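The values are calculated or read from the model by the stated rules, or taken from the named source; none is laboratory data. None of the values given here were measured: they were computed from a predicted structure. Cβ placement follows ideal geometry from the backbone for every residue including glycine, while neighbour counts extend to all protein chains displayed.
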Amino acid sequence: MQQSLNDLNQAYQNFFKSTKGQRKGKPVKPPKFKSRKLKQTARFTKGGFKIGQHKVYLAKIGKLKIVW
């Protein structure tokens, strides 16, 4: 959730800088809603996960068994 909000914030910052002429290159269009039906991914910060010998701990999910 935090990473998606950070991405949205960056998208709006790029859009508004583009409209004011503070950003190089061609103008950026406003962010669009993207459907989450097909494929979902997650990105974690440095504190969001821990890797052990046989398990991985993910924040808000818990321990997951590793299959090598």
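Any residue at all in the range 18-33 that is of a type in the set (K, R), on the phi < 0 side of the Ramachandran plot and under 14 Å from the mean Cα position of the chain (by Cα)? Within the range 18-33, none of the residues are of a type in the set (K, R), on the phi < 0 side of the Ramachandran plot and under 14 Å from the mean Cα position of the chain (by Cα).
Number of residues in the range 43-58 that are of a type in the set (A, V, I, L, M) and surrounded by 12 or more Cβ atoms within 10 Å (Cβ to Cβ) equals 2. Test V28 against the stated conditions and say whether it is touching a helix residue (DSSP H, G or I) at 6+ places or on another chain (Cβ under 6 Å), surrounded by 11 or more Cβ atoms within 10 Å (Cβ to Cβ) and of a type in the set (A, V, I, L, M, F, W, C). Yes, satisfied.
The requirement of being free of Cβ contacts under 8 Å to residues at least 60 places away in the same chain, of a type outside the set (S, T, N, Q) and loosely packed, with under 10 Cβ neighbours inside 10 Å is satisfied by K39. In summary, L8 fulfils each of the numbered conditions (1) modelled with pLDDT of 85 or more; (2) exposed (fewer than 11 other Cβ atoms within 10 Å of the Cβ); (3) of a type outside the set (D, E, K, R); (4) closer than 28 Å to Y57 by Cβ with the single exception of condition (2). Among the criteria (1) modelled with pLDDT of 85 or more; (2) loosely packed, with under 11 Cβ neighbours inside 10 Å, the one M1 does not fulfil is (1).
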